[in-house]
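Heads up, the thing below is written out as structure tokens.
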Amino acid sequence: MILPPNLIDAFSATLDETKEANLLLHVIDGSDEERFSRIEEVNQVLRTIGASDIPVIEVYNKIDKSANLRGSLRIW
């Protein structure tokens with residue numbers, strides 16, 4: 001699912017600030033079965049606003065709720 005343009009427009013001020021960042025933390029719900037499509041949605045928005053070159057660290061929360069993530073992520 002791609003975010004509707006009017007939703008992106010509604011958050012344009014916040015998204016404009018995103019373009020000024022040196023680093024983005026992308027918090028991902030590790031228990032969401034659709035997490036990979038949601039990650040792609042976020043990446044598409046970043047491309048749309050011209051922020052796709054900013055480094056991103058993916059942070060997974062709720063990994064205790066997802067059996068298929070346990071043991072597959074490196075945690076520091």
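The values are calculated or read from the model by the stated rules, or taken from the named source; none is laboratory data. A quick note: this is a predicted structure, and the numbers were derived from the prediction, not measured. Backbone-built Cβ (ideal geometry, glycine too); neighbour counts: all protein chains shown.
Laid out as a table, the results:
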| item | result |
| --- | --- |
| Every pair of residues 6+ apart whose Cβ atoms lie under 8 Å, when the first sits in the stretch 32-56 and is of a type in the set (Gly, Ala, Ser) while the second is part of a helix (DSSP H, G or I) | Ala51/Leu15; Ala51/Thr18; Ser52/Asn43; Ser52/Leu46 |
| Hits in the stretch 1-34 - residues which are in contact with a strand residue (DSSP E or B) (Cβ under 7 Å, 6 or more places away or on another chain), more than 13 Å from Ile54 (Cα to Cα) and aliphatic (A, V, I, L, M) | Val27, Ile28 |
| Scan of the stretch 1-58 for residues that are in a loop (DSSP other than H, G, I, E, B) and hydroxyl-bearing (Ser, Thr, Tyr), ordered by number | Ser31, Ser52 |
| Candidate set from the stretch 45-70 (those that are in contact with a Ser or Thr (Cβ under 9 Å, 6 or more places away or on another chain) and at pLDDT 90 or above); member that is farthest from Pro4 (Cα to Cα) | Ile54 |
